[in-house]
Every structure is written in C-alpha cells, then in structure tokens.
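Undergrad: Quick one: structure below, then a few questions.
The values are calculated or read from the model by the stated rules, or taken from the named source; none is laboratory data. Keep in mind it's a predicted model, so treat the numbers as computed, not measured. Please note: Cβ atoms are built from the backbone with ideal geometry, for glycine as well, and neighbour counts cover all protein chains shown. Ligands, DNA and RNA are excluded from the accessible area calculation, which covers all protein heavy atoms including side chains. Shrake-Rupley method; radii C 1.70, N 1.55, O 1.52, S 1.80 Å.
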Amino acid sequence: MNGYKYKLGFIGAGNMAKAIVGGVLSSGMLAASDLIMSNKSGAQAVAGVECTTDNAYVCANCEYLVIAVKPQIFRQIAPSLRPVKAAAVISIMAGIRSEAVASALALCGNVIRVMPNTPSKVGMGATAIAENNCSGEANAFCRKVFDSVGSTVYVPEKDFDAVTCVSGSGPAYVFYFIKAMTEGGEENGLSYDVARKLAVATVAGACKLAEKSDDTLDKLISDVCSKGGTTIQAVDTFRSRGLDRIVKDGMTACRIRSEELGRE
C-alpha cells in the first residue's frame with residue numbers, strides 16, 4: 001500500500017461510513033485489516049475493523065481518507081486532521097465544496113467530492129462523484145469503492161447542490177410517499193402490516209420497471225391509467241392538488257439549503 005499502513009480510513013463512523021465499509025468488505029475489494037475508522041468513542045463500528053479516537057493517526061497512515069462527518073463538525077475538527085498524508089481525500093459531506101475541504105486541510109487539491117445516499121446500506125446506493133483533477137488511479141479507486149454499494153455517475157461539482165436535492169435527500173421523499181400509501185391503505189381498510197408490505201413492494205417493483213423500460217415516465221404512468229378506471233382517479237387527484245409542484249418546491253428548498261451549508 002505504498003508505505004501506508006491502511007488502504008482506506010474514515011473520519012467519522014456513522015451510518016454512511018458503515019454502509020461504505022460494509023460494501024467494500026462484502027464485495028471483497030478490501031479486507032478488514034485494510035481499513036480503519038475514527039469516532040468520538042473509539043468503539044468498534046464495524047465488526048473486524050479497527051476503530052480509534054485519534055484522527056491524526058488515521059490521517060497519517062491511510063492511502064485514501066474519507067471525511068464522513070457533518071459539515072458543521074468538520075469545521076471544528078479540521079485543525080486536528082492536519083497534516084493529511086493520504087494520496088487523496090474523499091469528502092461525502094453535504095454542501096462543502098472540494099476547494100473548501102482542501103483549504104481547511106492545507107492540501108494542494110487531491111480532494112474528490114462524493115454524494116452517496118442511504119440505500120447504500122443495502123447495496124442500492126446512487127452516488128455522484130464530482131469531476132476533479134485527482135489522478136486516474138485515485139478516481140478508479142474512489143469509483144470502485146462506491147460501485148461496491150450501488151451505482152455511480154460523474155457530475156460537474158457546480159451541479160452538486162442539485163444532486164443533493166435529487167439523490168442525496170431523495171430517499172426521504174420516497175419513504176414519505178410509502179408512508180402516505182401505507183396510511184392510505186389503512187384508512188381504506190387494510191392492516192398496517194399488509195398496507196406497508198404492499199406499498200414497499202409496489203414502489204420497489206415500479207422502480208425496477210422504470211429502470212428496465214425504455215418508455216418515458218409519462219408513458220409508464222399512462223399504461224396504468226385506464227380511461228374511466230380506478231388509477232386515473234388517484235392520479236387526477238394528485239394533479240389537481242398540485243403534487244408535482246409541491247415535490248419540486250420541496251426539492252428547490254433542499255437545494256437552497258445545500259447552497260447555504262457551503263457558505264456557512
């Protein structure tokens with residue numbers, strides 16, 4: 001590992017960090033001995049993976065370093081992370097541009113900004129990687145890490161606030177809709193367990209169909225909506241109540257908050 005004790009280290013051991021570690025381990029990309037994580041308590045976050053409270057130790061001994069803390073916490077702990085000896089730093093923090101990460105860590109570039117999402121926990125993540133000036137080797141390693149927990153795309157960093165409002169925060173929108181479908185099922189006579197199972201399976205199936213089909217989303221909608229039938233009654237209600245606009249306005253509010261985080 002080019003003189004490094006560990007291939008990949010994490011500052012922060014929360015849910016997303018644990019999901020990424022789980023992905024690289026289950027894929028066989030890395031062994032537990034290749035990894036180290038740092039958190040406040042030093043308590044082991046993933047079975048078999050070393051954990052410490054010493055951020056500086058992680059920064060000095062890892063070929064690649066993932067910053068996986070909340071943006072507000074990063075600003076507090078950045079001085080304790082220097083000097084970073086990693087070949088590249090991967091930041092999964094919302095709102096903080098790669099230039100700001102490099103400046104806080106006294107780096108000359110070598111930062112790859114990444115936006116994963118929580119379905120990474122089950123290997124179904126959608127991850128955006130910012131276009132950057134890091135080496136091809138660093139980019140290949142970064143992509144392989146996040147391919148282990150789902151799918152990846154490269155996106156200009158200027159579009160990352162938009163990425164945040166689509167895929168970064170998007171799982172919460174889907175869960176919200178599933179919750180509404182479940183409660184609607186209950187109101188119309190189903191038990192909670194049956195309504196939830198049907199709602200989750202329906203969303204999962206519809207997502208798979210949207211992924212596999214060459215049809216437009218409008219065509220997929222119309223295929224379920226027979227004229228004068230049942231589905232069109234629900235869809236027409238959604239349209240008349242402005243559901244499209246509500247979703248878009250919510251996403252815009254999300255994007256604006258991402259922009260604000262980058263300025264704070």
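Undergrad: Residues of segment 190-224 being in contact with a helix residue (DSSP H, G or I) (Cβ under 9 Å, 6 or more places away or on another chain), small (Gly, Ala, Ser) and farther than 24 Å from residue 239 by Cβ, which ones?
TA: The answer is 191, and nothing else.
Undergrad: So which of 153, 163 is surrounded by fewer than 14 Cβ atoms within 10 Å (Cβ to Cβ) and under 14 Å from the mean Cα position of the chain (by Cα)?
TA: Criteria check complete, one pass: 153.
Undergrad: Considering segment 50-79 alone, what residues qualify as being open to solvent by less than 40 Å² (accessible area, probe 1.4 Å), more than 21 Å from the chain's Cα centre (by Cα) and among the small types (Gly, Ala, Ser)?
TA: 60, 78
Undergrad: Name the residues in segment 24-49 that are in contact (Cβ under 8 Å) with a residue 40 or more places away in the chain and loosely packed, with under 14 Cβ neighbours inside 10 Å, would you?
TA: 26, the sole residue that qualifies.
Undergrad: Among the residues that make up segment 115-127, is at least one of them over 14 Å from residue 20 (Cα atoms) and either in contact with a strand residue (DSSP E or B) (Cβ under 8 Å, 6 or more places away or on another chain) or part of a strand (DSSP E or B) (or both)?
TA: no
Undergrad: Right, something else. Pull out all pairs, ordered by first then second residue, where Cβ-Cβ is under 6 Å, the residues are six or more apart or on different chains, the first lies in segment 7-23 and is of a type in the set (Val, Ile, Thr), and the second is surrounded by fewer than 20 Cβ atoms within 10 Å (Cβ to Cβ) and not in a helix (DSSP H, G or I).
TA: These pairs meet every condition: 21/46.
Undergrad: Residue by residue through segment 185-205, note down the ones that are without any contact (Cβ under 8 Å) to a residue 12 or more places away in the chain and closer than 16 Å to residue 171 by Cα.
TA: 201, 204, 205
Undergrad: Looking at segment 115-146, which of its residues are of a type in the set (A, V, I, L, M), open to solvent by 20 Å² or more (accessible area, probe 1.4 Å) and free of Cβ contacts under 8 Å to residues at least 40 places away in the same chain?
TA: Matches in segment 115-146: 122, 124, 140.
Undergrad: Something else: Residue 169: on the phi < 0 side of the Ramachandran plot, among the polar types (S, T, N, Q) and open to solvent by 30 Å² or more (accessible area, probe 1.4 Å), yes or no?
TA: yes
Undergrad: Restricting the first residue to segment 235-263 and requiring it to be more than 22 Å from residue 167 (Cα to Cα), which pairs with a second residue that is assigned to a helix (DSSP H, G or I) meet a Cβ separation below 8 Å and a spacing of at least six or different chains?
TA: That search, which allows pairs on different chains as well, returns 235/221; 238/244.
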